[in-house]
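Student: A single structure is presented below for examination.
The values are calculated or read from the model by the stated rules, or taken from the named source; none is laboratory data. Bear in mind the structure is a predicted one, so any value in this text is a computation, not a measurement. Neighbour counts run over all protein chains shown; Cβ positions are idealised from the backbone, glycine included. These area figures cover heavy atoms from the full protein model, side chains too; ligands, DNA and RNA do not enter into them. Shrake-Rupley method; radii C 1.70, N 1.55, O 1.52, S 1.80 Å.
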Amino acid sequence: MGTLPVLRAAATVRPEGLACLVHAARPGEDGHQPAANPAILAVRLRRVKRSLARRATACLVVLAAACSSGAPSGVYPAGSDQSLPLQLQAIRGVRDGDRMLAGVFFSDSAGNTLQLDLQLAIGVPTTLQAGSYRLHREGRQESGSVRSRSVTFLGGQSDWPNLGGTFELLQDGALKYLVRFDPTPVEP
């Protein structure tokens, strides 16, 4: 009397999703003793599915965190998570080979303005070579230098470039404001 075939299962991941392949196998055909009970096999298959689902969820969470820029765009006083009401109005600039001069303009409805003047070296990575700022707020004027935490430059030689990043506004070497903005088209 021959042996009865036992169900074997394997889980594979394909671009279209999780697929479970179940086929009949004879004991010892692949060198391993198959599970004698289909119920045990079903439990193992559920565990594999759960494990893959957890890993896929973890990957999506990590990917979402990596793609987020952290805090929203805006102008933040040093040590504060509340942004000033200034909104990005425009970025104007001129690219000359591997260099770019850009002006970043913020304003609000009360007439307060912030202007960043940036000199960038375009490459991998794009870096801020020099920068200064002027802030007119509530009848006072402040100015100082700009330092970059990160610079995002998108666009080739013939494309309209996009500029974004996180910049520190310094006054007498001390951090006064943190400016964040997503890549935005640079107008000529």
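Student: Taking into account only those residues within segment 72-91 that are open to solvent by 20 Å² or more (accessible area, probe 1.4 Å) and touching a residue at least 60 places away in the same chain (Cβ under 8 Å), which is nearest to Leu175 (Cα to Cα)?
Tutor: Applying the filter and picking the extreme gives Ala78.
Student: Take the residues in segment 95-107 that are open to solvent by less than 90 Å² (accessible area, probe 1.4 Å) and assigned to a strand (DSSP E or B), then tell me which one is nearest to Thr184 (Cα to Cα).
Tutor: So, considering only residues that are open to solvent by less than 90 Å² (accessible area, probe 1.4 Å) and assigned to a strand (DSSP E or B), the one nearest to Thr184 (Cα to Cα) is Val104.
Student: Here's another thing I want to ask about it. Just one of (1) closer than 15 Å to Val104 by Cα; (2) part of a loop (DSSP other than H, G, I, E, B); (3) not polar (S, T, N, Q) trips up Trp160, so point out which.
Tutor: Unmet condition: (1).
Student: Return only the number of the condition from (1) at pLDDT 95 or above; (2) under 26 Å from the mean Cα position of the chain (by Cα) that Ser132 does not satisfy.
Tutor: Single failed check for Ser132: (2).
Student: Let me ask something additional. Which residues, counting only those in segment 111-153, are open to solvent by 70 Å² or more (accessible area, probe 1.4 Å), under 21 Å from Gln87 (Cβ atoms) and not charged (D, E, K, R)?
Tutor: Matches in segment 111-153: His136, Gly139, Gln141.
Student: Please list, ordered by first then second residue, the pairs with beta carbon atoms under 8 Å, 6 or more apart or interchain, first in segment 157-170 and within 19 Å of Ser83 (Cβ to Cβ) and of a type in the set (Ser, Thr, Tyr), second open to solvent by 10 Å² or more (accessible area, probe 1.4 Å) and in a strand (DSSP E or B).
Tutor: Thr166/Ser148; Thr166/Arg149; Thr166/Ser150; Thr166/Leu178; Thr166/Arg180
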